[in-house]
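Chemist: Following this message is one structure expressed as structure tokens.
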Amino acid sequence: MRRLQVPRIPKVVLAGLFLTGLAACSATSEFRTQVTSFQQWPAGVAGQHYRFVNSKQQDLEQAAYTGYIRSNMFRTGLNEALGRQPARFDVGFTIDTQVRQQMVQRETGNYDLYPTLGMGMGFPYGYYGNPFYSSFGFAMTPRYQLVPVPYRRYSLTVYIRDRQQNGNEVFRASAVADSRERSLPQVMPYLAASVFDQFPGNNGQVRTVEFERSKTGAGGTASPITVKKP
């Protein structure tokens, strides 16, 4: 992650880098998510079928999020069951949004005044016949105060259960992204793509997934997003 360099008289100065930059910050050219994966993926299941659980009870928003996950399920090698077609795997997901705060240092509009003293030598004969001179003046620096700035932490957890193993989970992954600017529908395509990146992944693996940010935004299926390769 890039380090933030503080200008001499900044308008806004971040008080620490505990977030290492918000993932959806407009000043960056990338979008980042944090992914945690757990899996005991069975062998030889390519081409078998899955079905989303509780898909019939979803509202329009939930159905759109299901679509984002569906568009990334090809990475599992599974096919979605249609109609009454039997399915070996059940796929479900949960979504969470938390409002958090980051302490940011801002100018108060007030200034501190302090004296300055300078000394030097005149050239070639000094000032008024004196080879040395001194100056006295004042300088101002702005005052700052810490203020809380809210941001949102979005998370998506996807799990897959195997009916041939008594419905036990064989895959679970959670993707998390922080943003002050983007809404959940705009972040969901990134989260859904993150969950299945490098599927099935190493058991217990925690990794950062970086995306090239689309010029037209991340909302909707019409805006492609691309995983940035190392």
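Chemist: Checking the conditions here, which among G109, G83, G67 is small (G, A, S) and assigned to a helix (DSSP H, G or I)?
Modeler: G67
Chemist: If you don't mind, there's one more thing I want to ask. Looking only at residues in the stretch 165-203 that are assigned to a helix (DSSP H, G or I) and either in contact with a His (Cβ under 9 Å, 6 or more places away or on another chain) or of a type in the set (S, T, N, Q) (or both), which one is surrounded by the most Cβ atoms within 10 Å (Cβ to Cβ)?
Modeler: Among residues in the stretch 165-203 that are assigned to a helix (DSSP H, G or I) and either in contact with a His (Cβ under 9 Å, 6 or more places away or on another chain) or of a type in the set (S, T, N, Q) (or both), the one surrounded by the most Cβ atoms within 10 Å (Cβ to Cβ) is S194.
Chemist: Still on this structure, please answer the following. Of all residues in the stretch 72-112, how many are at pLDDT below 75 and either exposed (fewer than 12 other Cβ atoms within 10 Å of the Cβ) or not hydrophobic (A, V, I, L, M, F, W, C) (or both)?
Modeler: Going through the stretch 72-112 one residue at a time, the tally reaches 11.
Chemist: With within 15 Å of V187 (Cα to Cα) and not β-branched (V, I, T) as the only criterion, which of Y68, Y50 stands out?
Modeler: Y68
The values are calculated or read from the model by the stated rules, or taken from the named source; none is laboratory data. Worth saying up front: this structure is predicted, and the values here are computed from it rather than measured. Quick reminder, even Gly has a Cβ in these numbers, built from the backbone with ideal geometry, and neighbours come from all protein chains shown.
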